[in-house]
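Novice: One structure follows; several queries about it will come next.
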Amino acid sequence: MAKLVLQNPVQRWERHAITYDDGEARTAELETIPDRSRTILAENDSPDVGFRYSVNPYRGCYHGCAYCYARPSHEYLSLGAGTDFERRIVYKPEAAALLREAFDAPRWRGELVAFSGVTDCYQPLESRLGLTRACLEVCAEYKNPVAVITKSPLVERDVDVLADLATRARARVAVSIPFAREEHARALEPFVTTPARRLRTIERLAAAGVPVGVSVSPVVPGLSDDGIPDVLRRAADAGASFAFYVVLRLPGPVREVFEARLREALPLRADRVLARLRDVFDGKLYDARFGARQAGSGPYARAIEALFARAAERHGLRHGEASYVDVGETTFARPRGQLSLF
């Protein structure tokens, strides 16, 4: 595979921007940057997100999905939302120790922790650093409920910890499969394994007793919505027990990255996709309002919702985000010799 060429949207908060003539941009090599943050739990108060706390061992993501809504977060690090986001990966070497410290704090009440709220916790760097596994081991030690979402088969490596959590606490894994057709996945998720391989991950997690489902996210109107029933059927056949979706979101510089990739990789579908996206968001390419940003509004958005619900029910899948985060009574308990929750 050809090397990526450095290409970032203009940074919103920078006074100067670097541009390159054709053929002069340098290649974007993988660079890892340690993050010495002293806390690990990110707190979310968005009314349309079903979990309050998440752990993000990594910022930026090697998967390079053109649609990733997390791209603007790299700009807060004075990095770009394009290839910087894909190849300049920030990692938190003390993640597990910081999570144990958070769980030991008297104020922690055993709420569900999501892995991750921003970028994939099983991106390729995890195979070397093992930060996500170390954090899951802390969760197992404290019997703290967890929810994981990933595109990567690397999650299979941790099936022992996840199965233990599912038995003694509460754990769920959602495998992200936005596209039924491999060529569409390859176009917009260039460094992610195929949909068929991700279905095998569902099968292997289910066989190990780990509650697993499918996230058909994002739904790309005009490109992937007609494949929803196929994805749900295949996921159910593989052992998925729940399903949910989020409509494509294009905040800030994500629009530029997504549209450029779409026109380059799928030029005959680009105008249709953008037109359908405007149908979903009342004439705009994105609506940032709570309640609208995840699902859209209007007849086309309602048609996607109805299609998803009918297909999920046909295949016996619980559907909606609540089926993934499964918020309920906590199983949290500090190990003997430490402060008790009760």
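Novice: Specify the residue that is surrounded by the fewest Cβ atoms within 10 Å (Cβ to Cβ); the eligible residues are those in the range 237-257 that are in contact with a helix residue (DSSP H, G or I) (Cβ under 8 Å, 6 or more places away or on another chain) and within 11 Å of Arg71 (Cβ to Cβ).
Specialist: Per the criteria, the residue is Pro251.
Novice: Would you tally the residues in the range 155-195 being assigned to a loop (DSSP other than H, G, I, E, B) and either of a type in the set (Lys, Arg) or surrounded by fewer than 19 Cβ atoms within 10 Å (Cβ to Cβ) (or both)? Before you say what the answer is, go through the steps one by one.
Specialist: Kept after step one, since they are assigned to a loop (DSSP other than H, G, I, E, B), are these residues of the range 155-195: 169-170, 177-181, 189-194.
Next cut, either of a type in the set (Lys, Arg) or surrounded by fewer than 19 Cβ atoms within 10 Å (Cβ to Cβ) (or both) only: 170, 181, 190-191, 193-194.
Number of matching residues: 6.
Novice: Leu268 is checked against (1) exposed (fewer than 12 other Cβ atoms within 10 Å of the Cβ); (2) over 24 Å from Glu189 (Cβ atoms) and fails just one. What number does that condition carry?
Specialist: Leu268 satisfies every listed condition except (2).
Novice: Quick one: in the range 261-286, of everything that is without any contact (Cβ under 8 Å) to a residue 12 or more places away in the chain and not in a loop (DSSP other than H, G, I, E, B), which residue is farthest from Arg197 (Cα to Cα)? Explain how you work it out, then say what you get.
Specialist: From the range 261-286, those without any contact (Cβ under 8 Å) to a residue 12 or more places away in the chain are 263-264, 267-268, 270-271, 278, 283-284; that's our starting set.
From the residues that got through so far, the ones that are not in a loop (DSSP other than H, G, I, E, B) too are 263-264, 270-271, 278.
Details: Arg263: 26, Glu264: 25, Ala270: 27, Asp271: 30, Arg278: 32 Å.
Selected residue: Arg278.
Novice: Name the residues in the range 95-136 that are in contact with a His (Cβ under 9 Å, 6 or more places away or on another chain) and not hydroxyl-bearing (Ser, Thr, Tyr), would you? Write out each step before concluding.
Specialist: Narrowing the range 95-136 to residues in contact with a His (Cβ under 9 Å, 6 or more places away or on another chain): 119-120, 123-124.
Of everything in the range 95-136, those that are in contact with a His (Cβ under 9 Å, 6 or more places away or on another chain) and not hydroxyl-bearing (Ser, Thr, Tyr) turn out to be Asp120, Gln123, Pro124.
Novice: Same structure again: List the pairs whose first member sits in the range 308-321 and is over 18 Å from Val246 (Cβ atoms), whose second member is at pLDDT 95 or above, and whose Cβ atoms are under 6 Å apart, counting only residues at least 6 apart or on separate chains?
Specialist: Hits for this filter: His315/Leu232; His315/Arg233; His315/Ala236.
Novice: OK, next. Name the helices (runs of 4 or more DSSP H) wholly within the range 52-130 that hold at least 2 residues that are farther than 26 Å from Leu223 by Cβ? I'd like the intermediate steps shown before the answer.
Specialist: Values: elements: 83-87, 95-104, 126-129.
Hits in the range 52-130: 95-104, 126-129.
Novice: Checking the condition among the acidic types (Asp, Glu) and surrounded by 19 or more Cβ atoms within 10 Å (Cβ to Cβ), which residue from Glu111, Glu141, Glu126 passes? Steps first, answer last, please.
Specialist: On the way: Glu111 fails: surrounded by 19 or more Cβ atoms within 10 Å (Cβ to Cβ); Glu141 fails: surrounded by 19 or more Cβ atoms within 10 Å (Cβ to Cβ).
Exactly one of Glu111, Glu141, Glu126 is among the acidic types (Asp, Glu) and surrounded by 19 or more Cβ atoms within 10 Å (Cβ to Cβ), namely Glu126.
Novice: Also: Using the structure shown, decide if Glu101 is surrounded by 15 or more Cβ atoms within 10 Å (Cβ to Cβ) and either among the aromatic types (Phe, Trp, Tyr) or out of contact with any helix residue (DSSP H, G or I) (no Cβ under 6 Å at 6 or more places or on another chain) (or both).
Specialist: On the way: surrounded by 15 or more Cβ atoms within 10 Å (Cβ to Cβ): yes; either among the aromatic types (Phe, Trp, Tyr) or out of contact with any helix residue (DSSP H, G or I) (no Cβ under 6 Å at 6 or more places or on another chain) (or both): yes.
For Glu101, the condition - surrounded by 15 or more Cβ atoms within 10 Å (Cβ to Cβ) and either among the aromatic types (Phe, Trp, Tyr) or out of contact with any helix residue (DSSP H, G or I) (no Cβ under 6 Å at 6 or more places or on another chain) (or both) - is met.
The values are calculated or read from the model by the stated rules, or taken from the named source; none is laboratory data. Since the model is a prediction, treat every value here as computed from it, not as a measurement. When we count neighbours, we look across all protein chains shown, and the Cβ atoms used for this are built from the backbone with ideal geometry, even at glycine.
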